Amino acid sequence: MSNRIAFNPQDRFVVSIGGTLMVTTRPGDTFGHDITGHTADRAFQFAGAKAAFNAVDRFVTTMGNKLIVITQSGDVFGHEVSGRTIGPAFRFAGSKAAFNAVDRFVVTIGNMLIVTTQNGDVFGHDVSGHTIGPPFKFAGSKAAFNAVDRFVVTIGNMLIVTTQNGDVFGHDVSGHTIGPPFKLTGSRMAFNPVDRFVVTVGNTMIVTTQSGAAFGADLTGRDIGPIFRLNPDLSIRLHLKVWTNPTIPIQTMLTSMQDVYGTAGIGVVVASREDLTGANILTSLRDLDVVPNCPGGQLTGEQIQLFNNRDNVGEFDVVAHFVRSTSPVLNGCASHPNDLFGAAITQIASVWTMAHEIGHVLGLSHIDGENTNCPDGIPNCCSTPNFSRLMTGCSTSNIVGTPILAQSEIDTLRNSSRTRPS
């Protein structure tokens, strides 16, 4: 099934429970996408009950593991969600909620159901088990009362309002009080007319579009980080051949690679993983002889032997060989025989080495400008390094935070013969 999200006309509501996005359709079928890091997995259909399929169903939200449906008359129904199964519908006891025509947005914070109205008044209901408590009016500031306010979501105790032009405002919620509005710094969100739904997973805001493309940004405090593509339209198939386990776990390197490649709209799919750590399996290749400085196209006999290990590797696939060391010592080396695409990653590799070396395999070079005014005898002195970039030539071990790709690098990756439609 597709990893596009909520692109069908019958898709009606999008919410999240834990690390899963949930899409409910007009007929009441519910589909999900598990979110891992900055990647949305392919869609699956929930088993169990249908949900939110009546014409009178007006709002859908979640609280813990409950999917909550509120009707035009204010009746509130719920479904317990267990794994990939929607439990039978039950009716909440207690008060009605969000039944006035002026009620505009419904969200939750903790065990509170929060209703914002067209004039900015905010009302709440404390929810206990399957009972909706009586309504109360929040003290403090009004919220989401401007005509340009388009989406309301929550992260932690913050009520977040995004406007038509992408400006994002927040209110801290403390008890039954709404704090004054503040403008979040950083990226604008959900400002394109094709943006259809906004939800949050953890500290990530996710915007889904009419075409099913999804974009996200991580929130740190009151700052919105850079936009990344959540469900890539392109991908590379990566085979992991483990001759020696690296110090940093392979899964950590993989997640980091998926994060940075995701900014280019490229997914990283693990096609196979082969354990070659056995005592009698070509042990000489674990300490790999390479040509000094790892120039492209120049190979030792050991490198040729290593890359000819292509079990289960398809024509357009890429291989990451995890070896113990190289001689001379490197974190990794991307030199490979023609049409045997891959890289060697050593035990001392950094968290970004695999992403960097596979970047070379896909056509990227080290960035310019890191060797300004170097002496003649040391042309690569790293006098002006840029450790914000994935393709720094001054060691990925020094990269600070999540590195970035320049637009020209994104174009190169997307145009690589190894990069295929998802």
If amide H atoms are modeled at 1.01 Å from N in the peptide plane, then the residues at a separation of 5 or more from Thr300, or on another chain, having amide H under 5 Å from its own are Val291
In terms of the alpha carbon gyration tensor, root eigenvalues a ≥ b ≥ c, rounded if a/c is under 1.5 and otherwise prolate when a/b exceeds b/c or oblate, segment 277-342 is oblate
Yeah, segment 84-184 with a ≥ b ≥ c from its alpha-carbon gyration tensor (a/c under 1.5 is rounded, else prolate when a/b outruns b/c, oblate otherwise) is prolate
Taking every other residue with Cβ under 12 Å from the Cβ of Leu288 and scoring Lys and Arg +1, Asp and Glu -1, one gets -1
So for R0 = 22 Å, FRET eff. of Asn203-Gln118 from the Cβ-Cβ r, to 0.05, ends up at 0.15
So for the chain, using the alpha carbon gyration tensor with a ≥ b ≥ c as root eigenvalues (a/c under 1.5 gives rounded; past that, a/b versus b/c decides prolate or oblate), I'd call it prolate
Here, trypsin sites (Lys or Arg not before Pro) of segment 1-104 satisfying both criteria (DSSP loop; at most 14 other Cβ within 10 Å) are Arg42, Arg84
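Quick note: the coordinates plus some simple rules give every number you see, no bench work behind them. This structure is a prediction, so every number in the text was calculated from the model and none was measured. Positions of Cβ are generated from backbone atoms using ideal geometry, with glycine treated the same way; all protein chains shown enter the neighbour counts.
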